[in-house]
Amino acid sequence: MKNNDPKSKIQNIINTNTITNTNTKKVNVIAIDGPSGAGKSTVSKILANKLGYEYISTGAMYRLVGLISDEMGIFNNNEKVKELCENIGEKIFFKNGRIYYKGEDYTEKIYENRVSMLASEISKRKVVRSYLGKLQREIGLKQPSILEGRDIGTVIFPDAKYKFFLDASPEKRAERRYKELKEKGENVDYEKILEEIIKRDKNDSERELAPLKKADDAIYIDTSEMTIDEVIDTIIDYIKSEKHKNRN
Ligand code: DC
């Protein structure tokens, strides 16, 4: 039987990995999806500041769960990972673009290169996606928010008022990631980074649950030859224009 309770609708979205929300009312969320290195985080942070929205990196949540379960030695134990995710909502919080777990700032640690693959691997699991997905929806609804990730426009907020899909060539994305890690003092090799980016794209877009995918009604922006400011201006122009109102 169809359940019309709004909460159940949200649960359906998260659990079934399909867009079941038939409610046409849009929520005040900007969904920014795309592969790694397309510029999502930088763009989202600046936009959030300019527009007075809360910035939420959903990738940071998968990174955190990947890192913590690795540190606890439970990465391959689904039951233990489930326990970790079950009450993570009480232990995690975002502030000024940083992520805290049990009061400790994990922002630097989760962006170490080795954590990228841990996050990509753990994010394939149903138990992880359903707990984190529910949490993302809850946090995003508390205030006007910008959420960036892989499945925000398709699964978490199919009803977002604005949706963008940022993309760039794998070479360009690897170049950006290489520079970023070099600046942080990590010892990295460009070819290896490119290889990892291609592997992660494959992992994220070919997985069964909530794969990386442009929502049909998202605006596609190829950032390969664009500056950050140009991407931001493109998004703001779109938001200011009334075009989004014509979306289904
Ligand atoms: O955005 P990021 O590179 O920090 O994300 C790390 C990994 O987390 C990414 O490879 C896939 C996963 N992820 C996801 O599955 N769904 C999201 N909404 C965000 C990230």
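The values are calculated or read from the model by the stated rules, or taken from the named source; none is laboratory data. Everything numeric here is computed off the predicted structure, so don't read it as measured data. In this analysis, Cβ positions are derived from the backbone assuming ideal geometry, glycine residues included, and neighbour counts consider all displayed protein chains. Side chains are part of the model used for accessible areas, which takes the heavy atoms of the whole protein and leaves out ligands, DNA and RNA. Shrake-Rupley method; radii C 1.70, N 1.55, O 1.52, S 1.80 Å.
Restricting the stretch 90-109 to residues that are under 17 Å from Lys45 (Cα atoms) and within 15 Å of the ligand (Cβ to nearest atom) leaves a set whose member that is most open to solvent (accessible area, probe 1.4 Å) is Glu108.
Per-residue answers, yes or no, for (1) outside any helix (DSSP H, G or I); (2) touching an Asp or Glu at 6+ places or on another chain (Cβ under 8 Å); (3) on the phi > 0 side of the Ramachandran plot:
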| position | (1), (2), (3) |
| --- | --- |
| Gly66 | no, yes, no |
| Ile74 | yes, no, no |
| Phe93 | yes, no, no |
| Tyr100 | yes, no, no |
| Arg114 | no, no, no |
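Listed by first and then second residue, the pairs with beta-carbon distance under 6 Å, at least 6 apart or on different chains, first residue in the stretch 44-69 and farther than 30 Å from Lys80 by Cα, second within 11 Å of the ligand (Cβ to nearest atom) and among the aliphatic types (A, V, I, L, M), are Ser44/Ile32. Taking the stretch 66-83 as the range and being away from the ligand (no atom under 16 Å from the Cβ) and open to solvent by less than 60 Å² (accessible area, probe 1.4 Å) as the test, only Ile74 passes. Being under 15 Å from Ala38 (Cα atoms), surrounded by fewer than 14 Cβ atoms within 10 Å (Cβ to Cβ) and small (Gly, Ala, Ser) is a condition met by no residue of the stretch 136-154.
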